[in-house]
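The values are calculated or read from the model by the stated rules, or taken from the named source; none is laboratory data. Model, not experiment: these values are computed from the prediction. Neighbour counts are summed over all protein chains in view; Cβ atoms, including those assigned to glycine, are modelled from backbone coordinates with ideal geometry.
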Amino acid sequence: MTQQTWDEVGGLLPHDEFRAASEAIVANIEQVIEGKTATVRLALAVLLAEGHLLIEDVPGVGKTKLAKALARSIDCTVRRIQFTPDLLPSDVTGVSVYNQETHDFEFRPGAVFANLVVGDEINRASPKTQSALLECMEERQVTVDGVTYQLQTPFMVIATQNPIEMEGTYPLPEAQRDRFTARIAMGYPDAGAELAMLDGHGATDPLHELRPVSDADIVRQLIATVRKVHVADAVKQYAVDLVTATREAPDLRLGASPRATLQLLRTARAVAALEGRDYVLPDDLQALAVPVLAHRIIPTADAQLARRTTDAIVSELVHRLPLPHDRQRSPYDTRPATGNGRAPYEPRRP
Amino acid sequence: MIASRNIGPVAAAATLLAAAPLSSIFETWTWLVQSAIAVAVVAGVAALTRLIRAPLWGQVLGMLAALGLALTWLFPSGGELLTFLPTPGTFGHFADLFTGSMQDMRSYGVEVPDTDPLLFITVLGVGGVAVLVDVLAVGLRRPALAGLPMLAIYSVPVAVYVDSVPPVPFVVGAAGYLWLLVTDNVDRVRRFGRRFTGDGRDVDVWEASPLAAAGRRLAVVGVAIAVALPLAVPGMTGGLLDTLGGGTGNGNGNGRAGAGGSSGRIDLFASLAGQLNQSEVADLVKVTTSEPSPFYLRYAVADELRPNGFQARNPSGRPVNQNLPDPTERAGPGVQQARYRATVEVTKSLSMSLMPVYAEPVRTEDLNGNWLYDPTQQVVFSNRDNSRGRKYSFDYIRSTYTPAALRAAPPLPAEHPLNRQQTATPGPVPEVEELVKGLVQGKRTDYDRVLAIYRHFSADNGFSYRLSTESGSSGEDIVNFLTNKVGYCQQYAAAMAWLVRSAGIPARVAFGFTNGNKQDGNTYTLTNLNLHAWTEVYFDGVGWVPFDATPSYGVPGSTRSAWAPDIDAPESITPDPGASGAAADPGASGGPTGPDNADRDTDSGLSLAGQTPAEQPPVWPWWTAGLLALLALLAVPALRRLALRRRRGGRAAGAAMTATPNEAAPVDGTRVVVVGPDANRARADAHAAWAELLDTLVDFRVRVDRTETPRTTADRLVRETLNEDTAAVGAVRLLGRAEERARYARDPLTGEPLAPALRAVRGALAARAGRRTRLFAALLPPSVLLRWRTTLADTSGRMVALTGRARYRLLRWNPRRLLADRAAR
């Protein structure tokens, strides 16, 4: 497969074609995952935002199925890594093997050399192995024995994991979590969807019958289109405000990183495009705040004791943060002006 | 006992400050010096007894003893040991002083001179209060209670001096009390030990504790309310409303008749004008006299000429039930004196501390010792009683004079006290000086000069009577009257007195009643319209002689005399020395003219009565204007809202107008994205429509959330508020979409009918809201009020921040801080 640099993405798609292509992927996945349209669209949005997806939920709700369905719907290289406690970093990245014929070391690519990498049960591997993903996820390259190998475009890691309260798991390090654009939960299907699932999955696995409806080229074009989505200054400001708020929240020990801001906005672009808009709304940011930000932040010990989840903290921040449009104090705000946060009376010790 | 060392002196000083109101009843400041000595002695002994840790009763005994010693030293009887150790004789002396003070209190009006009995009772009182304050504030640590004895001091001038004490001494006294309270509280707080700012930082020695700021503000507000509230309460003496409401004649003339209750500071001219202008006629006095044709009944005199006109001096005198001066001593050739008896019945409508009598009373009945007679002013007054509903009789001597007798009166010697006092004018007024010079030129005797001035006010000279003129008797008013030549009794009387004084002859203005036009035999019923003022001129050896310069046609019941004939009467009686026979009998001169005048005055009185309401400025325009102003004020928010809506509506309508060219613009089926001025305009239109929608929501009390996007807001409205109204649902979604695109998209929504959408939403909201909400939305739109409140809060917040910073900068130069720094170094 020809290596393609990160910037060599395809041309822009017209509005209608974009819509058709994206809808086709969503519809295809939905053949397998029933009644989870929002989750499926979010997964696609992460793909179009050039991010990585972390699916976290209890066992048996279809995490792996979603990952595989997304991979199969796109006709591109797909590799799967089953993370086990004895998995080694070289299994992920690749290894140099001595070739006796050429008397030279030869690089044998690992599982990450694909467009879509499905990492199943990622938190069952030891942190040592998990760390193998750090470089490739952020920089889209792999360095083995001092040689750097570029990865393909699109490149996406779809990882599934069980909540860390479950036994036999290693929590992901912060650096690793920060590299995932979004963390989504599958949730249990509703009664109707579960019934339909019993019918559909009773005889055969519908995953086998899933045919690709798209290919890497189209995905590249979709990504290029997403990049052109307009973001007004007010929206950018709102994204910054939102991330700043996590850094200043008293409940949080660690706020979201600048990378989070970037990925929040990228995902918002993708979501806007998927909804047929060529501009981002604060509504998109509000909807994405929990999936994009919640897994990156660490609550304080007090908040943990109070059993406040990061999801709750983020959504509360969203509900408290005023929109940037009425940045200059709204007349409907009856709270006293805080000014620049300085107390009016601040004498210093002489 | 660090605290007591500090509070003791403060308590003593506060006592002295609280005594400040006494200054208004004393003529000099001797009382203060003596009180200060007594208080200082008491405070010193208190400090000493505390130094030796005496129990409280010991302190009290010590202070009382100290007060006794101080009094002995200040008011010696002569038989003391070492000038300050009291003997039994001293206490006898004290008892004498005490009874003497009672006597003095009765006989002197304010302001009282320095008599020993009065000073004694004052020093005793202030010293006693000092003891009490010290015990309460230092011994019992209840400084708030110490206010009661201080109040007792304050009540003294208030009691004797009905017309309320001037504000400055009160403020001084109140400041003393507050000082005591503050000192005590600072001491209490210091006992806690270290002071904190509240954010965990220690307060420096030089700093006022920020925690106390709220207390300080509360205290200031409390004091302000305590002072301002009584001012606004009607019915209290000197109430602000009382003053403002005076003279409007709002029906209840009874309480106001007599205008004020004091002999002291009453403005006689103002009350006279007020009474004459009353539209209601009230009977004030009924008088029966044995005199066939009496002269005016008089009750007050204004004999002090200040820059702002004639003022009443505080009268002083002896009780009326004692011997009164006998005017018959002044009888001489040409002066006829006869004794008559009169009974006066004052109705309930007249309440003042002066009693109307005929000049000059020699014996009274039915009047107790509270009523005093001032022989100089010839008025009966009281410092604590009032005339309301009284009935009394008195004998009086009526003096009549021949012009010859008055001519024969010698000029007053220059050193005569009256000459100094009663000819004083507050600085020469050139016009008056010139006029007087012209009038008296060539006149040899005082009487001729006075007569010349008296005649100047004749109708021939163009003077005419009219009640509705500016009142006042200051120099400027007098000149105005002399120029305009239109006025009524008070101007005539004051002008003549002024001119006579300018000629060097003592003169004053007397106030009283004419004989009126309701006569039943010897009984005259006098109303407020019969109130009158005239001039009295002093002739040496003769006494005060009345001259009434006011034209008799203007005054019902006017009376003339031989020495001051009616200058406007057709048959002008010239002062002829030969006609002394006719003048000798007051009945002869007063008789023919009296009934004649009374007849005419019935008409003029009627016409006056008919005239008065018309002349009086009507009250209703003020009420109407006030009501209109109030309505206008109330309408301001609604108008502001209307203007705002109109402006935004204009924008939205403009958007609808621009829709047409845009609609026509698409060429070849492709959508033309208009970017440029039109886009900006569409953006502004959408913003205006959205702002208007938010204001409407606030007006109809629908929640507005700053954290919601336009889309969420529209969704919420659809979900919660407009659930059935499909037109409104479409409209609100349109508005939300327009605002959303205006804010966040490359190209705003153009060509949408925003104004009708707004109307639809507003209509749906109004239909859903209750009547009360609708009414408020129309009359007092909450959106406008909220905006104003926010602005106010912001401004005040900024001000607080600014003042806080300024204060901090100033604190850098606080001397206490600099001293503390130096000490630390």
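Residue pairs, Cβ under 6 Å, 6 or more apart or interchain, first in region B:757-785 and more than 23 Å from B:E739 (Cβ to Cβ), second aliphatic (A, V, I, L, M). List them.
Partner pairs satisfying both residue conditions: B:R774/B:A766; B:L779/B:A638.
Just need a number here: residues in region A:49-71 that are out of contact with any strand residue (DSSP E or B) (no Cβ under 7 Å at 6 or more places or on another chain) and in a helix (DSSP H, G or I).
2
Could you give me the residue pairs with C-beta distances under 7 Å whose first residue belongs to region B:614-635 and is closer than 24 Å to B:E280 by Cβ, whose second residue is modelled with pLDDT under 90 and of a type outside the set (K, R) wherever it lies, and which are 6+ apart or on separate chains?
The qualifying pairs are B:E615/B:L467; B:E615/B:S468; B:Q616/B:N277; B:Q616/B:S279; B:V619/B:T248.
Suppose we filter region B:372-393 for residues that are part of a strand (DSSP E or B) and of a type in the set (D, E, K, R); how many remain?
Pass one, region B:372-393, residues part of a strand (DSSP E or B): B:372-374, B:379-382, B:391-393.
With of a type in the set (D, E, K, R) added as a condition, the list becomes B:374, B:391.
Total satisfying the criteria: 2.
Give all pairs with beta carbons closer than 9 Å in which a residue from region A:174-202 that is at positive phi meets a residue that is surrounded by 14 or more Cβ atoms within 10 Å (Cβ to Cβ); count only pairs at least 6 apart in sequence or on separate chains.
Every condition considered, the pairs that remain are A:G187/A:K36; A:G187/A:T39; A:G187/A:D57; A:G187/A:V61.
In region B:754-825, which helices (runs of 4 or more DSSP H) lie fully inside it and hold 2 or more residues that are hydrophobic (A, V, I, L, M, F, W, C) and more than 14 Å from chain A (Cβ to nearest Cβ)?
Filter on region B:754-825 gives B:754-768, B:771-779.
May I ask you to list the residues in region B:74-97 that are surrounded by 14 or more Cβ atoms within 10 Å (Cβ to Cβ), free of Cβ contacts under 8 Å to residues at least 24 places away in the same chain and in a helix (DSSP H, G or I)?
B:T90, B:H93, B:D96
Taking strands (runs of 3 or more DSSP E) that fall entirely within region B:491-556, which contain at least 3 residues that are in contact (Cβ under 8 Å) with a residue 12 or more places away in the chain?
Per the criteria, B:507-513, B:523-527, B:531-539, B:543-547.
Which members of region A:224-245 meet the condition of being farther than 14 Å from A:A272 by Cβ and more than 14 Å from every other protein chain (Cβ to nearest Cβ)?
A:A224, A:V240, A:V243, A:T244
Among the listed residues B:R398, B:R388, B:R384, which satisfies the condition of being under 29 Å from B:V320 (Cβ atoms), surrounded by fewer than 19 Cβ atoms within 10 Å (Cβ to Cβ) and in contact with a helix residue (DSSP H, G or I) (Cβ under 8 Å, 6 or more places away or on another chain)? Spell out the reasoning first.
Details: B:R398 fails: surrounded by fewer than 19 Cβ atoms within 10 Å (Cβ to Cβ); B:R388 fails: in contact with a helix residue (DSSP H, G or I) (Cβ under 8 Å, 6 or more places away or on another chain).
Answer to the check: B:R384.
Being of a type in the set (K, R), at negative phi and surrounded by 16 or more Cβ atoms within 10 Å (Cβ to Cβ) is the requirement here; does B:R339 meet it?
The answer is no for B:R339.
So B:V182 clears everything in (1) more than 30 Å from the chain's Cα centre (by Cα); (2) buried (at least 19 other Cβ atoms within 10 Å of the Cβ) except one condition, right? Which one?
Tallying (1) more than 30 Å from the chain's Cα centre (by Cα); (2) buried (at least 19 other Cβ atoms within 10 Å of the Cβ), B:V182 fails exactly one: (2).
For a quick check of your reading: which helices (runs of 4 or more DSSP H) sit entirely within region A:82-200 and have at least 2 residues that are more than 15 Å from the chain's Cα centre (by Cα), exposed (fewer than 15 other Cβ atoms within 10 Å of the Cβ) and of a type outside the set (F, W, Y)?
Of the helices (runs of 4 or more DSSP H) lying wholly inside region A:82-200, those with at least 2 residues that are more than 15 Å from the chain's Cα centre (by Cα), exposed (fewer than 15 other Cβ atoms within 10 Å of the Cβ) and of a type outside the set (F, W, Y) span A:127-130.
Out of all the residues in region A:281-290, is one or more within 11 Å of chain B (Cβ to nearest Cβ), at pLDDT 90 or above and not in a helix (DSSP H, G or I)? I'd like the intermediate steps shown before the answer.
First, pick out the residues of region A:281-290 that are within 11 Å of chain B (Cβ to nearest Cβ): A:281-287.
Still in the list and also at pLDDT 90 or above: A:281-287.
This time we only want the ones that are not in a helix (DSSP H, G or I), so: A:281.
Yes.
Restricting the search to region B:377-399, which residues are among the β-branched types (V, I, T) and closer than 25 Å to B:A282 by Cα?
Those that are among the β-branched types (V, I, T) and closer than 25 Å to B:A282 by Cα: B:V379, B:V380.
Go through region B:738-753 residue by residue and tally those that are of a type outside the set (D, E) and more than 9 Å from every other protein chain (Cβ to nearest Cβ). Walk me through it before giving the result.
Start the filter on region B:738-753 by keeping residues that are of a type outside the set (D, E), which leaves B:738, B:741-746, B:748-751, B:753.
Now restrict to residues that are more than 9 Å from every other protein chain (Cβ to nearest Cβ): B:738, B:742, B:748-751, B:753.
Here the count works out to 7.
Which of the residues spanning region B:38-60 are outside any helix (DSSP H, G or I) and either surrounded by 18 or more Cβ atoms within 10 Å (Cβ to Cβ) or of a type in the set (D, E, K, R) (or both)? So that I can check it myself, show each step before the final result.
First pass over region B:38-60, keeping only residues outside any helix (DSSP H, G or I): B:52-55.
Answer for region B:38-60, where residues must be outside any helix (DSSP H, G or I) and either surrounded by 18 or more Cβ atoms within 10 Å (Cβ to Cβ) or of a type in the set (D, E, K, R) (or both): just B:R53.
Hey, among the residues in region B:327-371 that are part of a strand (DSSP E or B) and among the hydroxyl-bearing types (S, T, Y), which one's modelled with the lowest pLDDT? Break it down into steps so the answer makes sense when it comes.
The initial filter retains those residues of region B:327-371 that are part of a strand (DSSP E or B), namely B:335-346, B:354-355, B:357, B:361-365, B:371.
If we keep only those that are among the hydroxyl-bearing types (S, T, Y) as well, we get B:340, B:343, B:364.
On the way: B:Y340: 88, B:T343: 87, B:T364: 83.
Top of the filtered list is B:T364.
Look at region B:13-37 and say how many of its residues are among the aliphatic types (A, V, I, L, M) and buried (at least 24 other Cβ atoms within 10 Å of the Cβ).
3
For residues in region B:433-454 being surrounded by fewer than 18 Cβ atoms within 10 Å (Cβ to Cβ), of a type in the set (D, E, K, R) and under 14 Å from B:A404 (Cα atoms), which is modelled with the lowest pLDDT?
Within region B:433-454, the match that is modelled with the lowest pLDDT is B:R444.
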